[in-house]
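The values are calculated or read from the model by the stated rules, or taken from the named source; none is laboratory data. Worth saying up front: this structure is predicted, and the values here are computed from it rather than measured. Note: ideal-geometry Cβ built from the backbone for every residue, glycine included; neighbour counts use all protein chains shown.
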Amino acid sequence: MADTVKLTIDGQEVVAPKGMNLIEAAKLVGIEVPHYCYHPKLSIAGNCRMCLVDVGLPKLGADRKPEIGPDGKPVIVFGPKLSIGCNTPVAEGMVVYTRNEKVTKAREGVMEFLLINHPLDCPICDQAGECRLQEFSVDYGKGQSRFVEEKVHKPKRTPLGPKITLDDERCILCSRCIRFMKEIAGQDCLGFVNRGSYSTLTCYPGNEPNTNYDLNIVDICPVGALTSNDFRFQQRVWFLKETKSICPNCATGCNTVLWSREGIVYRQTPRQNDAVNQCWMCDYGRLNYKFINDPRRLTTPWVKSAAVGERLSLTWPEAIHQVTDRLRDAKGIAVIGSARATTEELFLLKKLATASATVVPHTGEADNFLLHADRTPNMAGARLVGFSDGRPSGEFTALVVLGEEAIPSDVLAKLELLMVIDLLPTKATEAAHYVLPGVTFAEKRGTFINAKGRIQRLNPAIPPVGHAWPDWQILAALLKELGAGNYASIEDVFADMARTLPALAELNLSKITDLGIDLSHRFTQMNTDSSVDICVASVAKKP
Amino acid sequence: MIVQRPKLTWWERTYLPQILAGLWLTLKHIPRRKFTRQYPEEKPLLYGDYRGAPVLVKDADGRVKCVSCQLCEFVCPPKAIRITPGFRPENRFDANVEKEPKDFVIDMLRCIYCGMCEEVCPEEAIFLKNDFAITGYKREELQFHKEKLLELGGVHDDKIWKWKNK
């Protein structure tokens with residue numbers, strides 16, 4: 001136990017690793033030390049003074065051993081002043097008080113100073129409801145201001161690049177955003193100008209935040225100084241339901257929270273997962289959620305019918321019945337899957353195929369941080385259940401397409417049946433004989449396997465739009481009608497996958513916790529199997 | 001429990017004593033002051049804290065006081081209030097307030113006149129006025145939108161001028 005120290009925080013004994021600061025050590029025993037400027041993933045600035053705690057150390061005698069008092073315990077000497085929790089490392093025998101009178105008085109003082117120039121415009125501030133300043137005002141605020149002078153006025157509604165609006169009056173000068181842009185985003189563009197109460201956060205003209213990670217500073221801003229233009233004035237946070245989800249926009253699979261109200265998703269924010277995305281996500285992924293509530297979403301199954309004009313809407317039983325009839329008549333079925341679909345859906349889709357099962361890769365430029373070159377969230381899952389790249393091949397007259405639109409025209413020409421499951425009207429749905437409306441990642445359960453071979457879980461944030469069905473449910477209904485499987489729930493599908501795929505053996509959906517499970521070792525063990533090369537390759541590249 | 005039927009005398013069994021007592025009560029009221037009101041023509045006198053229909057107000061400058069913080073929408077027990085937030089135009093006199101409702105709908109069929117919206121409002125923008133007879137021929141007529149609510153509310157004499165120096 002050489003790497004840990006024992007200390008006492010508020011009377012509770014804590015065993016903490018050496019070098020840990022007091023905020024984190026207190027967190028270990030469930031004590032929250034209020035703070036603004038400290039962020040576990042950034043360097044320590046120690047400028048907000050909110051995390052002041054009362055720290056005492058054992059008094060050392062002449063022999064450098066702790067002196068023992070008359071009660072048989074070491075004599076503790078407290079500092080004349082308080083120490084900041086964020087920059088005080090734990091030490092053996094340390095005694096910390098985070099809630100005594102001295103500390104409370106200090107925090108009340110700090111709060112009063114912070115609120116002197118803070119405009120009390122919570123009714124129009126987007127941060128209201130998730131504002132640290134509001135929260136700690138309730139705990140340590142006075143309830144009334146003693147400040148009778150005029151408040152300092154600073155620039156309001158300043159655009160900070162195309163994605164962010166800055167309100168300098170609300171800024172409490174914690175410098176988290178400055179440190180994030182410098183240390184994580186790699187663009188040293190923000191800074192403070194002027195002195196004292198005139199200190200202002202700003203950027204050099206022409207050097208506005210312009211990276212793919214800018215919007216993270218909106219998340220880490222403890223007050224409403226930095227607001228995202230995308231979410232500004234859209235909805236109050238207290239109406240929004242938080243659903244733990246996974247970003248579907250690249251193979252990194254950042255853990256996210258979807259914020260929705262009454263079937264509409266208003267924003268997507270990162271969720272801490274130190275094995276995947278720490279506390280961050282890229283703006284590309286964050287802002288690409290609008291398709292969920294796109295008014296063009298497909299809502300009912302339909303068949304292309306010459307008899308009644310262009311399209312005839314169907315009920316689900318009709319659609320499933322007609323499609324299976326046609327699939328039975330077909331001389332072979334090929335499938336084109338999407339690596340944007342969940343592993344369960346691809347597994348069921350593969351079961352439909354008698355000819356080839358292919359996926360269409362979507363790639364872009366990687367940025368060596370979170371954005372992966374593979375712009376699909378589940379290519380590893382697609383490979384795992386047996387999908388490969390390439391053109392549809394083999395003997396087939398029916399083609400089932402799940403969420404893709406690129407169908408080679410010569411393939412299209414010889415098809416007798418084209419069935420498409422998709423979200424939005426595409427070239428494929430235009431050409432399709434049958435279109436069955438599926439749902440987005442925000443409306444269904446399922447799993448994605450990211451590029452590093454980590455299996456992660458989706459949760460439904462909103463109910464399916466219109467009459468759409470979750471894609472796995474459509475495929476399960478088709479398989480049932482064809483007599484090729486009976487899956488009543490997504491758990492059944494996963495149980496079948498766990499039985500047939502060694503990489504998923506002995507897993508189930510509840511075992512994949514909110515943070516996912518790393519399966520890379522299972523993939524590497526099977527590295528003779530070329531179907532998982534993408535996972536192996538990216539695991540090998542891991543620094 | 002068994003209740004014994006009271007034994008009535010012959011005089012009581014004629015029922016005349018009760019009839020006469022009833023007539024006497026009626027006669028006593030004839031010379032007294034009337035306290036019924038001819039309602040639709042004669043309106044009742046309401047006092048300042050009466051809780052009638054909720055309305056939105058403007059301040060003396062003509063600024064819509066509501067900033068669409070949506071606290072009333074949150075607190076409303078029957079969920080009668082629905083707000084669509086929006087921006088104040090950059091070049092208008094009240095641009096410093098930044099936010100105002102694009103639309104503000106109160107479903108008067110749902111409103112229970114509890115007054116919680118008025119109580120929770122941090123901007124003193126919504127008030128329950130004296131109007132209590134809200135009727136209409138169609139459901140849509142009872143969806144009060146922003147324009148109608150502002151028209152009903154008129155101008156409120158603002159004592160604080162919270163946004164003057166912001």
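Residues in segment A:205-221 that are in contact with a Lys or Arg (Cβ under 6 Å, 6 or more places away or on another chain) and crowded, with 22+ Cβ neighbours inside 10 Å: A:D214, A:L215.
When residues in segment B:136-166 are screened for being within 14 Å of chain A (Cβ to nearest Cβ) and of a type in the set (K, R), 3 of them pass.
Would you please name the residue that is surrounded by the fewest Cβ atoms within 10 Å (Cβ to Cβ), looking only at residues in segment B:52-74 that are within 10 Å of another protein chain (Cβ to nearest Cβ) and on the phi < 0 side of the Ramachandran plot? Ranking the candidates gives B:F74 first. Consider segment A:81-112 and keep the residues that are charged (D, E, K, R) and in contact with a strand residue (DSSP E or B) (Cβ under 8 Å, 6 or more places away or on another chain). The one that is surrounded by the fewest Cβ atoms within 10 Å (Cβ to Cβ) is A:E92. Residues in segment A:140-166 that are within 28 Å of A:Q235 (Cβ to Cβ) and either among the small types (G, A, S) or out of contact with any Asp or Glu (no Cβ under 9 Å at 6 or more places or on another chain) (or both): A:G141, A:G161, A:T165, A:L166. Entry remark, segment B:35-59: residues being touching an Asp or Glu at 6+ places or on another chain (Cβ under 6 Å) and over 17 Å from B:K148 (Cβ atoms) number 1 in total. For A:C125, the conditions (1) in contact with a helix residue (DSSP H, G or I) (Cβ under 6 Å, 6 or more places away or on another chain); (2) within 12 Å of chain B (Cβ to nearest Cβ) are fulfilled apart from (1).
Note on segment B:75-102: residues that are away from chain A (no Cβ under 13 Å) and modelled with pLDDT under 95 total 2. Taken over segment A:128-152, the criterion of being within 14 Å of chain B (Cβ to nearest Cβ), within 13 Å of A:C171 (Cβ to Cβ) and within 36 Å of the chain's Cα centre (by Cα) is satisfied by A:C131 alone. Each residue in segment B:81-129 was checked for being farther than 24 Å from B:W163 by Cα and touching a Leu at 6+ places or on another chain (Cβ under 8 Å), and 7 pass. One residue alone among A:V55, A:V77 is in a strand (DSSP E or B) and at pLDDT below 95, and that residue is A:V77.
Residue-wise test of (1) among the polar types (S, T, N, Q); (2) on the phi > 0 side of the Ramachandran plot; (3) surrounded by 19 or more Cβ atoms within 10 Å (Cβ to Cβ).
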site	(1), (2), (3)
A:L114	no, no, yes
A:F136	no, no, yes
A:Q144	yes, no, no
A:K154	no, no, yes
A:P159	no, no, no
A:R179	no, no, yes
A:C203	no, no, yes
A:G224	no, no, yes
A:R232	no, no, no
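Conditions (1) in contact with a Pro (Cβ under 9 Å, 6 or more places away or on another chain); (2) at pLDDT below 90; (3) aliphatic (A, V, I, L, M), marked per residue:
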site	(1), (2), (3)
A:E112	no, no, no
A:A128	no, no, yes
A:Q134	no, no, no
A:Q144	no, yes, no
A:K163	yes, no, no
A:K182	no, no, no
A:D188	no, no, no
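Per-residue answers, yes or no, for (1) surrounded by fewer than 22 Cβ atoms within 10 Å (Cβ to Cβ); (2) touching a residue at least 40 places away in the same chain (Cβ under 8 Å); (3) under 26 Å from A:T299 (Cα atoms):
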position: A:P463; (1), (2), (3): yes, yes, yes
position: A:L478; (1), (2), (3): no, yes, yes
position: A:F494; (1), (2), (3): no, yes, no
position: A:A503; (1), (2), (3): no, yes, no
position: A:L515; (1), (2), (3): yes, yes, no
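If the condition is being free of Cβ contacts under 8 Å to residues at least 60 places away in the same chain, more than 11 Å from every other protein chain (Cβ to nearest Cβ) and not in a loop (DSSP other than H, G, I, E, B), then segment A:220-248 contributes only A:E242.
Residue-by-condition table, conditions (1) over 26 Å from the mean Cα position of the chain (by Cα); (2) surrounded by 13 or more Cβ atoms within 10 Å (Cβ to Cβ):
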{"site": "A:N21", "(1), (2)": "yes, yes"}
{"site": "A:A25", "(1), (2)": "no, yes"}
{"site": "A:P40", "(1), (2)": "no, yes"}
{"site": "A:I44", "(1), (2)": "no, yes"}
{"site": "A:C51", "(1), (2)": "yes, yes"}
{"site": "A:L57", "(1), (2)": "yes, yes"}
{"site": "A:K65", "(1), (2)": "yes, no"}
{"site": "A:V75", "(1), (2)": "yes, yes"}
{"site": "A:G79", "(1), (2)": "yes, no"}
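Of all residues in segment B:103-135, which are on the phi > 0 side of the Ramachandran plot and away from every other protein chain (no Cβ under 14 Å)? Within segment B:103-135, B:Y113, B:G115 qualify. For segment A:18-33, a residue qualifies if it is free of Cβ contacts under 8 Å to residues at least 24 places away in the same chain and outside any loop (DSSP other than H, G, I, E, B), and the qualifying residues are A:E24, A:K27, A:L28.
Which strands (runs of 3 or more DSSP E) does segment A:110-210 wholly contain that include 1 or more residues that are free of Cβ contacts under 8 Å to residues at least 60 places away in the same chain? Filter on segment A:110-210 gives A:158-160, A:190-193, A:200-203.
Scanning segment A:334-371 for residues that are surrounded by 24 or more Cβ atoms within 10 Å (Cβ to Cβ) and touching a Lys or Arg at 6+ places or on another chain (Cβ under 6 Å) yields a single hit, A:A357.
Scanning segment A:421-432 for residues that are of a type outside the set (V, I, T) and surrounded by 19 or more Cβ atoms within 10 Å (Cβ to Cβ) yields a total of 4. Checked against (1) over 23 Å from B:D49 (Cβ atoms); (2) touching a Cys at 6+ places or on another chain (Cβ under 8 Å), B:C117 meets all criteria but (1).
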